[in-house]
Amino acid sequence: MFDTMPVFHFIPAQNFEHNKKDFACPLYKAAERKGVLTTTCASSNYILDLDIPTSKTPFYWMRMGVARRCARWPIAT
């Protein structure tokens, strides 16, 4: 299941504090949620988390497997 998300504009901020009610949506470079682990133990496909305000709990969206990707259609299989 796929849907569109709005464009995100990043505004740099010092001492940013994550709102625990927001969903930390992972952002990936490609459709596959995998990649080679770097020396810092981070996936080479993972970019960052997008803090998205939501009326549901963040756990709800995690269980649904929601993520954002930068790659364009079609989805690689």
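The values are calculated or read from the model by the stated rules, or taken from the named source; none is laboratory data. Only a predicted model underlies this, so the values are computations on that prediction, with no experimental measurement involved. Backbone-built Cβ (ideal geometry, glycine too); neighbour counts: all protein chains shown.
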* Within the range 1-28, work out how many residues are part of a loop (DSSP other than H, G, I, E, B), surrounded by 10 or more Cβ atoms within 10 Å (Cβ to Cβ) and of a type in the set (Phe, Trp, Tyr). => 1
* Do the conditions hold for Ala31, that is, is it surrounded by 14 or more Cβ atoms within 10 Å (Cβ to Cβ), in contact with a helix residue (DSSP H, G or I) (Cβ under 7 Å, 6 or more places away or on another chain) and touching a residue at least 24 places away in the same chain (Cβ under 8 Å)? -> no
* Structure fact -> Restricted to the range 36-77 and to residues being at pLDDT below 90 and of a type in the set (D, E, K, R), the residue nearest to Cys25 (Cα to Cα) is Arg68
* To do: Scan (1) touching a Pro at 6+ places or on another chain (Cβ under 7 Å); (2) touching a residue at least 40 places away in the same chain (Cβ under 8 Å) for the single condition Asp49 breaks and write down its number.
  => (2)
